[in-house]
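Report on the following structure.
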Amino acid sequence: MSEVSLTVNGRRVSASVEDRTLLVHFLREHVGLTGTHVGCDTSQCGACVVHVDGKAVKSCSMLAAQASGSDVMTIEGLANGGDLHPVQAAFKEHHGLQCGFCTPGMIMTTVDMIARHPEGLDEATVRAELEGNICRCTGYHNIVKAVLAASKTMSKASKGKAKKAA
Amino acid sequence: MGIEGVGARVSRKEDKRFITGAGRYVDDMVVPGMKHAMFVRSPHAHAQIKKIDVKAAQAMPGVIGVLTGKELKADGIGNLICGWMIHSKDGSPMKMGAWSPLAVDKVRYVGDAVVVVVADTKAQARDAAEAVEITYKELKAVTDASKAMDKGAPQIHPEAENNLIFDWDLGNADETAAAFKKAAHVVKMDVINNRLVPNAMEPRAALGHYDKAEDHYTCWTTSQNPHVARLVMSAFYNVAPENKLRVIAPDVGGGFGSKIYIYPEEIVCLWASKKTGVPVKWVADRTESFLTDAHGRDHHTHAEMAFDKDHKILGFKVETKANLGAYMSLFSSATPTYLYATLLSGQYDIPAIHANVKAIYTNTAPVDAYRGAGRPEAAYLIERMMEVSARQFGVSPAELRRKNFIKSFPHQTPVIMCYDAGDFATSLDTAMKGADYAGFEKRREKAKKAGKLRGMGFSCYIEACGIAPSAAVGSLGAGVGLWESAEVRVNAVGTIEVLTGSHSHGQGHETTFAQLVAQRLSVPLDSISIVHGDTDKVQMGMGTYGSRSGAVGMSAIVKALDKVEAKAKKIAAHLMEADEADIVIENGALKVAGTDKNVPWFQMALAAYTAHNLPGGMEPGLKETAFYDPANFTFPAGCYICEVEIDPDTGQTDIVQFVAADDFGNIINPMIVEGQVHGGVTQGIGQAILEGANYDASGQLLTASYMDYTMPRAGDVPSYKLSTSNTPSPSNPLGIKGCGEAGAIGAPPAVINAITDAIGTENLTMPATPQKVWAAIRSAKH
Amino acid sequence: MYSVNYHRAASVADAAKLAKGDAKLVSGGMTLIPAMKTRLAAPSDLVDISRIDALKGIKVSGKTVTIGAATTHYEVATSDKLAKACPALSHLASMIGDPAVRHRGTIGGSIANNDPAADYPAAMLALGATIVTNKRQIAAEKFFKGLFETALKDGEIVTAVTFTAPAKAAYEKFRNPASRYAIVGVFVAKGADGVRVAVTGAGDDGVFRSRELETALAKQFDAAALTSAKVPARALMTDMHASADYRAHLIVVMARRAVAAANA
Ligand SMILES: Cc1cc2nc3c(=O)[nH]c(=O)nc-3n(C[C@H](O)[C@H](O)[C@H](O)COP(=O)(O)OP(=O)(O)OC[C@H]3O[C@@H](n4cnc5c(N)ncnc54)[C@H](O)[C@@H]3O)c2cc1C
Ligand code: FES
Ligand code: FES
């Protein structure tokens, strides 16, 4: 057994779990956050993507014990109170989801992608960056639209902030 | 109406929970005391079970029960069935072999469930499953339908001699033979429609809970049609009588057909819950899904088309071998027959058609309806045939099609279907314009200079949706009626609940159905809730598949709304002492037309429930139920044009543009319709160039994970150019045709026609992987 | 996954002490954890080396490049230092898996695993890299030994890789459409001691150097030099996705493109 202790969406959580417990199962079964999904056995679908210490990772391919001491953010921690994160809002506005199963992973991947591309994104980059996230419903068309739109909104917002600061 | 009614691009009501991680899927359900199931599955494609030893497994940590098929049979649990009777051309009924939820003496495909282990945790159940010892005697296996009827092929079920389930005919053989005698040209081809794995991103799951005190069962399951699941589990599998069985399909992460069927696992979870005294949850691994979800397609077809000297089609002859896998899944017999051969006329005026379909058992996963179901197989055949014929005749593929289009409606085809409306030429023109057909040769030249091969392919598909008129399908062998139900409940404060037998697993019913109600009753979208997926809440319904929820499900809502509206107007007229015929519903109120007299909607609703002042003899309350049985199928159709660029050095295909011009009839929410087309087309492109389930000769599935089965990813497909030009369906009150499957039906031939155009050879099978395209280019050169 | 005991190593010495018997090192875990999930790997213990600072980071001094074993693919792909010293390697790292995999997976794990379809082994071989372990230094040539086999002894830990920056280099990869690993990956490098061409994804005994292509390119480091080049299909893999013939052909195509990119 391992004593796992980490921050999830800003809240400290500790539990004693079997060492073989995957982070995704820790989140779903021990913390009760079921927004993070499991869609494959081979680390390829991305339904399980969360952020560990600010980086997108596949929570199905990491032990909870490996993440002990880290700061984890899941889809449940993204919205700021009642306000949707701009990426969540963009997925809704552009119909970037249908059954919703891939959606948490898509959104977490997108937030990370936009953070790594402050200069902005184009369609080809977005499609390449979505390599590790499979969606069976949307055909990606509207996901790509949503990502591009969110990236625009967020770079505008950060430019706005920068201006204010200056 | 304005921003929220029919025709508006309303963003979805259901999105909020999905984008915040608050969706509730079966695997998210937790019941106190819940334990976990793991199935022990056959590693062999065909074998006799000699011995099952569960002792070691029972002694493993955390194990609560290890149960076998013998025990299941002893408890009277029935075999799985196929619910659509097909008769062979000699009049004999189809030959259905027995399918026990847990195999008893024989296994027939890799993945066949044999034993179930229930333990405290999933990991413990898996540990114990490995400790179950099963002794098999391996038998020879056959996986290819075109070989399963050969002499010496292994016999899979005693009931089906030579593995032949049925040998079925449609159309007129004599007339077709006569047409071929008159032909100036006959074009022949052999076509394989590749086997696919549906791959909804949410793996199948079931949670069975037996409540001993109440002697009552609850089953949470990933189902597209919970009521059908309850009906079948109760009537045929003897799990429990209907009133003792509640089936709940909560949020479901995609279905595409694969979640229509009742599988062994939900039956076993319910039975095991009673047997072990604990709620039992099972969630498939992805590899389990690959092995055991019903697969799609897998046809081998020989086809011949007869033309006169002016290239008018005279006749069409089709012989298909359909691989149904190791067992007959719930609707497996309907897919290669009434959902396939009835569409073989395509968009064309074909005087004579004859089709023969042989359904065949093999040692592979069961095959059933997958997005499109039968219609993609028909469309691929016809649209490849049209393109290849045009190339052989040296005429334009577009013009050959145009010449043969059906131009007046209704049109009775020689294969049962009577098309009620359509405008095929308009879709073709729209697509050609959208694809800049005129500029294609220039683009091809430019590509050539860059060392690339560019090609363009057409597909003018038609399909039958809105399934289906109950009497018609009944006469063709269906075990159920395909009507739909709705209940509209207006609450005392005027808010509305709509209970529908349709089930949404991505289609956005919570929004589109509400749009319909908002439009009719002039109430805000937010005051309308759509309830579905729970047999305790919703009256009997038939579920969602075959693009039927709009055409059939919403039509049922319309019928219930008719009744609600009539009663509401009566109440309002009574309250305002006006004539009921003068009442109109506008801006949230019932008004006397041409005056400013009105009663707000909520006041009318309150009046219905206080019942202090109702018209004489009227029952209190405002709640109406309706069942809608469609008069005909609907016939969505359209034209897809695909343009590809191929790297001849690697065989890599790049889809450079994909244009869809569809006719879906009337549209409730264009945003959602577009989403359906995007998804469908992507699955169609997947079938054409990426996806294929591949068994080796011994029956091992080689493509049992995403490492080997290619799922379309964002980088494999382009953004799409869509448009619709719609002719309303005359067959339902909303004029809706349905859009859920069109993309998957229309896309594959467009893609393959484009690739074969680019590489200059027809010698190519789906999926046209880089390796195959490269090899085809090479063989064409040599 | 079978039961396992997890340990987090504080230092390389600590890791070496813990990595005994049926224990296995875990770095990024992007290969090992999936293998454990499907029960293809069943170590008794996992020794996590991913948080050991001494194993991390990229150093460039003069022409010598050193990359710590626990450096992630993401760090290699986005390193400013590498962008100058050996952009081909950054480019290679940027094509491994997907962003989430690159955030965790490490160069040490990749080469220790020596998957016949992995990308890094081709780079190591073509760059003539040296693999540094807690015990010794091993030339790449001697390190990679067939499918999933390396010269590492039980418990031996890769601590870094080091190589001399090439004058020109490039990597071209033709992906398996499903797994996205290489069906054929070709790394070409032109350095002080000549031209090296290493091929991954294709060999039936893992990564290898193509003498045919090296000979052709030694004369003239130009894509045109490979116009009529041929690689024998004899020792190449055949699987569902690609026959040996197809792979043989792709090797030349990818090599041509790599040379063109290196010269660009
Ligand atoms: C979805 C997906 C896609 C991928 N695509 C690609 C791809 O396209 N190309 C590619 O090359 N790879 C790919 N990979 C594999 C990925 O690059 C892995 O990160 C890499 O192969 C292993 O590195 P790791 O740090 O994750 O090692 P781990 O998984 O932690 O370990 C792998 C093996 O190496 C051993 N090991 C680890 N570190 C050391 C060390 N320092 N010394 C000695 N032994 C050690 C471990 O004991 C284990 O046996 C993919 C992986 C996934 C999940
Ligand atoms: S569940 Fe993690 S990648 Fe599929
Ligand atoms: S929305 Fe269903 S899988 Fe992406």
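Summary table below
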| quantity | calculated |
| --- | --- |
| Yes/no for A:PHE101 being outside any helix (DSSP H, G or I) and either under 27 Å from A:PHE26 (Cα atoms) or within 14 Å of the chain's Cα centre (by Cα) (or both) | yes |
| Residue match in the stretch A:39-54 (condition: in a strand (DSSP E or B), in contact with a Lys or Arg (Cβ under 9 Å, 6 or more places away or on another chain) and within 15 Å of ligand 1 (Cβ to nearest atom)) | yes |
| When residues of the stretch C:1-21 are limited to those that are closer than 17 Å to C:ILE157 by Cα, part of a loop (DSSP other than H, G, I, E, B) and open to solvent by 30 Å² or more (accessible area, probe 1.4 Å), the one nearest to the other protein chains (Cβ to nearest Cβ) | C:ALA10 |
| Filter pass, B:LEU330 being out of contact with any His (no Cβ under 9 Å at 6 or more places or on another chain), part of a loop (DSSP other than H, G, I, E, B) and closer than 22 Å to B:LEU207 by Cβ | yes |
| Those residues of the stretch A:26-38 which are free of Cβ contacts under 8 Å to residues at least 24 places away in the same chain, assigned to a loop (DSSP other than H, G, I, E, B) and more than 7 Å from ligand 2 (Cβ to nearest atom), in sequence order | A:VAL31, A:GLY32, A:THR34 |
| Meets criteria (part of a helix (DSSP H, G or I), open to solvent by less than 30 Å² (accessible area, probe 1.4 Å) and not small (Gly, Ala, Ser)) for B:VAL538 | no |
| Which numbered condition C:LYS135 fails, given (1) of a type outside the set (Phe, Trp, Tyr); (2) open to solvent by less than 30 Å² (accessible area, probe 1.4 Å); (3) in contact with a Lys or Arg (Cβ under 8 Å, 6 or more places away or on another chain) | (2) |
| Residue within the stretch C:57-76 that is without any contact (Cβ under 8 Å) to a residue 12 or more places away in the chain and over 20 Å from C:SER110 (Cβ atoms) present | yes |
| The stretch B:384-396 residues that are closer than 15 Å to B:ASP310 by Cα and assigned by TED's automatic domain parsing to the domain that holds B:ALA306, paired with ones that are open to solvent by less than 50 Å² (accessible area, probe 1.4 Å) and part of a loop (DSSP other than H, G, I, E, B) (beta carbon under 8 Å, 6 or more apart) | B:MET386/B:GLY346; B:SER389/B:HIS311; B:ALA390/B:SER396; B:PHE393/B:HIS311; B:VAL395/B:HIS311 |
| Sole exception among (1) touching an Asp or Glu at 6+ places or on another chain (Cβ under 7 Å); (2) closer than 28 Å to A:SER43 by Cα; (3) not aromatic (Phe, Trp, Tyr) for C:PRO121, by number | (1) |
| Enumeration of residues in the stretch A:97-138 that are of a type in the set (Lys, Arg) and touching a residue at least 12 places away in the same chain (Cβ under 8 Å) | A:ARG127, A:ARG136 |
| Members of the stretch B:118-162 that are within 35 Å of the chain's Cα centre (by Cα) and of a type in the set (Ser, Thr, Tyr) | B:THR121, B:THR143, B:SER146 |
| Residue match in the stretch B:675-691 (condition: more than 8 Å from every other protein chain (Cβ to nearest Cβ) and either in contact with a Lys or Arg (Cβ under 7 Å, 6 or more places away or on another chain) or not in a helix (DSSP H, G or I) (or both)) | yes |
| One residue from B:ALA200, B:ALA153 being within 16 Å of ligand 3 (Cβ to nearest atom), of a type in the set (A, V, I, L, M) and either out of contact with any helix residue (DSSP H, G or I) (no Cβ under 7 Å at 6 or more places or on another chain) or assigned to a loop (DSSP other than H, G, I, E, B) (or both) | B:ALA200 |
| Residue within the stretch B:377-395 that is of a type in the set (Gly, Ala, Ser) and crowded, with 24+ Cβ neighbours inside 10 Å present | yes |
| Residue match in the stretch B:125-145 (condition: in contact (Cβ under 8 Å) with a residue 24 or more places away in the chain and within 30 Å of B:MET386 (Cα to Cα)) | yes |
| Residue list for the stretch C:96-118, restricted to those being more than 22 Å from C:THR66 (Cβ to Cβ) and either within 16 Å of ligand 3 (Cβ to nearest atom) or in contact with an Asp or Glu (Cβ under 7 Å, 6 or more places away or on another chain) (or both) | C:ASP98, C:PRO99 |
| Candidate set: the stretch A:110-154, residues that are touching a Pro at 6+ places or on another chain (Cβ under 7 Å) and within 16 Å of ligand 1 (Cβ to nearest atom); chosen: the one nearest to the other protein chains (Cβ to nearest Cβ) | A:GLY132 |
| Filtered residue count, the stretch A:47-71, keeping only those that are open to solvent by less than 10 Å² (accessible area, probe 1.4 Å) and within 7 Å of another protein chain (Cβ to nearest Cβ) | 10 |
| Whichever residue in the stretch C:22-51 is free of Cβ contacts under 8 Å to residues at least 24 places away in the same chain and more than 9 Å from every other protein chain (Cβ to nearest Cβ) and, among such residues, is nearest to A:HIS25 (Cα to Cα) | C:ALA35 |
| Members of the stretch C:233-251 that are over 25 Å from C:ILE111 (Cβ atoms) and modelled with pLDDT under 95 | C:ARG234, C:MET240 |
| Checking B:ILE467 against (1) in contact with a Phe, Trp or Tyr (Cβ under 8 Å, 6 or more places away or on another chain); (2) surrounded by fewer than 24 Cβ atoms within 10 Å (Cβ to Cβ), the condition it does not meet | (2) |
| Every pair of residues 6+ apart whose Cβ atoms lie under 9 Å, when the first sits in the stretch B:593-606 and is in the same structural domain as B:GLU577 (by TED's automatic domain parsing) while the second is open to solvent by 90 Å² or more (accessible area, probe 1.4 Å) | B:ASN598/B:ASN587; B:PHE602/B:VAL493; B:ALA605/B:VAL493; B:LEU606/B:VAL493 |
| Residue that is farthest from ligand 2 (Cβ to nearest atom) [pool: residues in the stretch C:22-41 that are in a loop (DSSP other than H, G, I, E, B) and open to solvent by 20 Å² or more (accessible area, probe 1.4 Å)] | C:ASP22 |
| In the stretch B:262-283, the residues that are more than 16 Å from ligand 2 (Cβ to nearest atom) and either within 14 Å of another protein chain (Cβ to nearest Cβ) or touching a Phe, Trp or Tyr at 6+ places or on another chain (Cβ under 7 Å) (or both) | B:GLU265, B:ILE267, B:CYS269, B:LEU270, B:SER273, B:LYS274, B:LYS281, B:TRP282 |
| Number of the exception - B:TYR628 against (1) under 26 Å from B:TYR348 (Cβ atoms); (2) away from chain A (no Cβ under 14 Å) | (1) |
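The values are calculated or read from the model by the stated rules, or taken from the named source; none is laboratory data. Predicted model, so just to flag it, every value in this text is computed and none were measured. For neighbour counting, all protein chains shown are included, and Cβ atoms are generated from backbone atoms with ideal geometry for every residue, glycine included. Side chains are part of the model used for accessible areas, which takes the heavy atoms of the whole protein and leaves out ligands, DNA and RNA. Shrake-Rupley method; radii C 1.70, N 1.55, O 1.52, S 1.80 Å.
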